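Input: a single structure, listed below in structure tokens.
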Amino acid sequence: MIINFKFYIFILLSIFVFNTNYAQQATISGIVLNETDGKPMQNAIISLDRDNKINTDNKGYFQFENVKIGSHQLYIDFLGYKIEKIDIEVTTENENIQLANIFLKSSEIQISEVVIYATQTNYNPKYQGSNITISSKEIKQIQPLGSEEILKRVPGINVSGDMGMSNRLNVGIRGSYPRRSVNLLLMEDGSPIAPAPYLAPEAYYNPPADRLDGIEIMKGADILAFGSNTMYGAINYITKKPPIKPTLGINLSGGSNQYHSEYITYGGTWDKVGAEIQVLNKNFGGFQDNSQSHIFNTTAKLYTEFNAKSSLYVKLNYHQEKSKSTYSALTPYSFLTDAKQNPFDADDLFTRRYAVDLIYNYKITDKLILSTKLYANQFQRDWWRQENTIIKASTAAAYLGEDIYNDRYAYLIGETFGDNDYLRVGKIVNGRESTRARNRMFRVAGLSETIKYNYEKGNLIMNIEGNIKGHWETFNNIEFINDSSRFARSGKLDKDQFYKLGAYSAFVKNRIQVKNLIITPSLRYEFVRVDGFDRVAISKMTNNNGSKNFGGQKNTYNSFIPGLTVAYNLKEDNKLNVFAGVYKGYTAPIADNAFLTVDNGVVSTPTADQTINRKPETSINFEIGIKGLLFDQFANFQATYFNNHIKNYYSAGRNEAFQTLGAVNIQGLEMGLNLNLHQLYNNQNHKLTVNIGVSITKGKILSGLLKDSDLLKAKHTDATKQELIDKINGERPGFDVYFASSTGQDSLISGQMALADFGKIKRLDFVFGKNGLTNNTAPYIPLYLLNFGFNYDYKGFGVGANINIVAKQYTDYLNFKNETAEGAIGQLNAFNTIDLNLSYSFEANKNKYLNGLRLFVTGKNISNRIYESSRLHRVSSGIMPAGFIQINGGANYTF
């Protein structure tokens, strides 16, 4: 009996211990989401009682096992977000604890400039007006050669490229002139990136697409917060920020035309410090002869939160490019004969850029935040270009000589030539080809202080933002002439121009929300001083007294720039709203035309007794639209009507300028629609999305007298001669025609003209408006832009396609349909491009060595239909071709 009693005691104790241990095997799991966009937050740090730490997976999921009975505290931490703390009680009755979705809120001191949300919408909700957001996922799917390939899919953007990798961006937004994107505000992480945003805003630097985590395109009044060039739109490139989990990324790709790219990153977050270094090496042989390009780019980033009140972000970047880049493009004859030909083997472009960005945020109170921002960069652009000339193809062998002809023009041997067949060739002087250097150095710096105050009481919410900013630029343009050899890299100094600018601004904005109504008034004030010096001319002045600004020219101007946006949320969750906005657009005079005199709208070079008073071009921009989600996120769309009225219009285009300031109206409709078709069959393994973009745009020149200095330099055919004569006779009051006379002064001619009179024309001015030309549009405004794309994903497998269709477009203000023989003038025909992508991702693969690997193949312009992309440099250049096929493949590996 004693043995049996002990045995029963042992059995009871064993059962008790077993049940106790079993109860200790509790699990705690949950999903962490971003409150702003509802997306999973991968690699969030989850700690249990500040001891046991794990990271969330790519779906934001985490799970703790073997959790003991008792009280526990769960901490969810993600750099840039408020720490979330959850108290949990584990008992024998709740062995498996599945927490409700955990939403992390952005910290007040988060560096918003480097954050782009993968929102369910195709826009950023922090902007009230029209805007488009391109996510990191989209960029990864496209695997673009350059950013133009991404931007062409955006409604309202017209791409007129002249380089395969978008090293120098050429896009227009809402009818802006696309050459070097000169009328757009370009930014990287919220800082301006043009060589000199006021003095020389041409996009000679464009971030490599490999570094991008997203792109924001802004078109409404929100743009006023960022700076100059606000007339048409802004592009803000968001670069990759340091990851939370220490990660090594290896991105390798290669393809046709000697393309290869190596992009290596390593970074992570340690305690409250995130850091990363990125190194990119990229090479492209080019689509034409003598057009290869090499890029090296490296970036170091640091992001830290010192405490709950302050954070710091620092970015250092070095960029270098060596390219065989040319202005000397094709004539209609060479385009049709062989569009890959480029005989200018001595054109060399070298650029080097150093840049630093620093942002410091300090939380004074929970509702009052102070932000300090410093940016500075130095950009060097040395460009040796062969001097070119235009000759008849039939005379090429005799003009160039046997050696040059056989070396770089052998494709012409055996060809027969017509009277309108011309070539652009290297200019021969004393039997040699020559080059000219156009070397430039830019330095830019800016310092701004921003204060944000948030007020909330009852149904009233106000977000007030104020900013003061100083911005400084210098620009030195030096040109050398060399006639000893086209490969010589020194010569006789021809130009030495120096410019400096200081711009001082103040900005205030108040976002006022009462229930579903949001009203956002804003006001910007700018004062600008710009000085210019012709150092070659000054060097010849014997009365130089050594004063700081001796021999210089000065211009000052100031502007008040207001804006207003009104939005109404049709849904309580802010996922569907209508909006309307109006603001004053602003484009500063660039260095080339900042020192002019304007008298009653007439522009001239100032005499000694005249005042330099050239002011910014301005516009009144209006838009109204609707954006949001429909049918439970099945449809994500945005539709906007816009109307921009531009006045004080001077800088019309390449070698085109209004001698009497002009006025232009541009209006249109933009629509973007994303359909999540997989929601129809409710299967999360299959994801099928369709994207549609539509733009319809019309422009009209309302007034002004324009001078086109390239018009009579062009090699006109009988067709273009007759077209010009017909235009003159059809709207005779709109043309001031001058013949050469024996007195040496041009004679103004009236009356109808015949084709035989064409050769007598010495000068021709156009007058737009009520008593002149009334039906002309601005160049590079296609009537429609269409984009159709789809992406299908299934368990790591992805396939996508995109079709981009661009309507015909004029390239000059007289709207020529026929093409001149050197290719400078004439309508561009409609064209389309087709791109494909295929990928497979090994995410969550059981093999740890494959987990994080993604393989891809892309086809660009797979129809290989070569088209005339632009005539942006006109007589000095001709036709820039595009549409060449490019096949790439590669792998992305993170571990």
Legend entry - Nearest 10 degrees, 0 to 90: helix 2-23 Cα axis against the chain principal axis: 20 degrees
Inset, instruction - Measure of size requested: the Rg and Dmax of the range 761-840, with Cα atoms as the atom set and Å as the unit; please supply both. - result: 20.3, 69
Inset, instruction - For the range 272-281, just list the computed ³J(HN,Hα) in residue order, Karplus coefficients 6.51, -1.76 and 1.60, θ = phi - 60°, integers in Hz, with x standing in for Gly and Pro. - result: 10, 10, x, 8, 7, 10, 10, 10, 10, 10
Inset, instruction - Run the numbers on the range 405-493 and let me know its relative contact order in percent, using alpha-carbon pairs under 8 Å that are six or more apart. - result: 31 percent
Inset, instruction - Amide H neighbours of D494 under 5 Å, at least 5 residues apart or on other chains, H built in the peptide plane: list them. - result: E479, F480, I481
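Given Cα pairs under 8 Å that are at least 6 residues apart, what percent is the relative contact order of the range 264-340?
Working: 130 pairs, mean separation 19.5, N = 77.
Relative contact order for the range 264-340 comes out at 25 percent.
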Legend entry - Under Karplus coefficients 6.51, -1.76 and 1.60, residue-wise ³J(HN,Hα) of the range 731-741 in Hz, glycine/proline x: 9, 4, x, x, 10, 9, 9, 10, 9, 5, 10
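Can you tell me the relative contact order of the chain? Whole percent, Cα pairs under 8 Å, sequence separation 6 or more. Numbers along the way, then the final one.
Values: 2401 pairs, mean separation 80.2, N = 895.
9 percent.
For a quick check of your reading of the filter: which trypsin sites (Lys or Arg not before Pro) in the range 550-619 sit in a DSSP loop and have no more than 15 other Cβ atoms within 10 Å? Write down the numbers at each step before the final one.
On the way: sites: K554, K571, K575, K584, R614; in loops: K571, K575, R614.
Taking the range 550-619 and a limit of 15 other Cβ atoms within 10 Å, the loop trypsin sites (Lys or Arg not before Pro) found are K571.
Once the other residues with Cβ under 9 Å from the Cβ of W472 are scored (Lys, Arg +1; Asp, Glu -1), what is the net sum? Please list the in-between numbers first.
Working: positive: R443, K500; negative: E473.
Net local charge, W472 excluded: +1.
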Legend entry - Loop-located chymotrypsin sites (Phe, Trp or Tyr not before Pro) in the range 548-644 whose Cβ has at most 12 other Cβ within 10 Å (DSSP): F550, F631
Legend entry - With Cα atoms, 0 to 90° folded angle of helix 718-730 axis to the chain main axis: 90 degrees
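Express the Stokes-Einstein translational diffusion coefficient of the range 562-644 in µm² s⁻¹, to the nearest whole number, given a Kirkwood radius over alpha-carbon pairs, 25 °C and a viscosity of 0.890 mPa s.
Taking Rh from Cα pairs, D becomes 151 µm²/s.
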Inset, instruction - Would you mind working out the magnitude of the charge dipole of the chain relative to its Cα centre, with +1 at each Lys and Arg C-beta and -1 at each Asp and Glu C-beta, to the nearest 20 Debye? - result: 980 debye
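Using DSSP to define loop residues, name the GluC sites (Glu not before Pro) in the range 36-99 whose beta-carbon has at most 15 other beta-carbon atoms within 10 Å. Numbers along the way, then the final one.
Values: sites: E65, E84, E89, E93, E95; in loops: E93, E95.
Taking the range 36-99 and a limit of 15 other Cβ atoms within 10 Å, the loop GluC sites (Glu not before Pro) found are E93, E95.
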Legend entry - Using θ = phi - 60° and Karplus 6.51 cos²θ - 1.76 cosθ + 1.60, couplings along the range 711-717 (whole Hz; Gly, Pro as x): 4, 8, 7, 5, 8, 7, 8
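Shape call for the range 89-202 from the C-alpha gyration tensor, a ≥ b ≥ c root eigenvalues: rounded (a/c under 1.5), prolate (a/b greater than b/c) or oblate?
Details: a/c = 3.13, a/b = 2.41, b/c = 1.30.
Because a/c hits 1.5 or more and a/b exceeds b/c, the range 89-202 counts as prolate.
How much accessible area per residue does the range 831-877 have, in Å², with a 1.4 Å probe? Walk me through the numbers on the way to the answer.
On the way: 2260 Å² over 47 residues.
Result: 48 Å² of accessible area for each residue.
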Legend entry - Where the Cα pairs of the range 473-544 fall when distances are cut into 5 Å bins, in %: 3, 11, 12, 11, 10, 10, 8, 6, 6, 6, 5, 4, 4, 2, 0
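What size of dipole, in debye to the nearest 20, comes out for the range 587-679 about its Cα centre when the only charges are +1 on Lys and Arg C-beta atoms and -1 on Asp and Glu C-beta atoms?
Numbers: 5 positive and 8 negative charges, 6 e Å.
Roughly 20 debye for the range 587-679.
What is the mean projected area of the alpha carbon convex hull for the range 501-658, to one decimal in square nanometres? Numbers along the way, then the final one.
Values: hull surface 54.6 nm².
If you wrap the Cα atoms of the range 501-658 in a convex hull and average its projections, you get 13.6 nm².
The values are calculated or read from the model by the stated rules, or taken from the named source; none is laboratory data. Worth saying up front: this structure is predicted, and the values here are computed from it rather than measured. Note: ideal-geometry Cβ built from the backbone for every residue, glycine included; neighbour counts use all protein chains shown. Remember, those area values only see protein heavy atoms, side chains included, never the ligands or the DNA or RNA. Shrake-Rupley method; radii C 1.70, N 1.55, O 1.52, S 1.80 Å.
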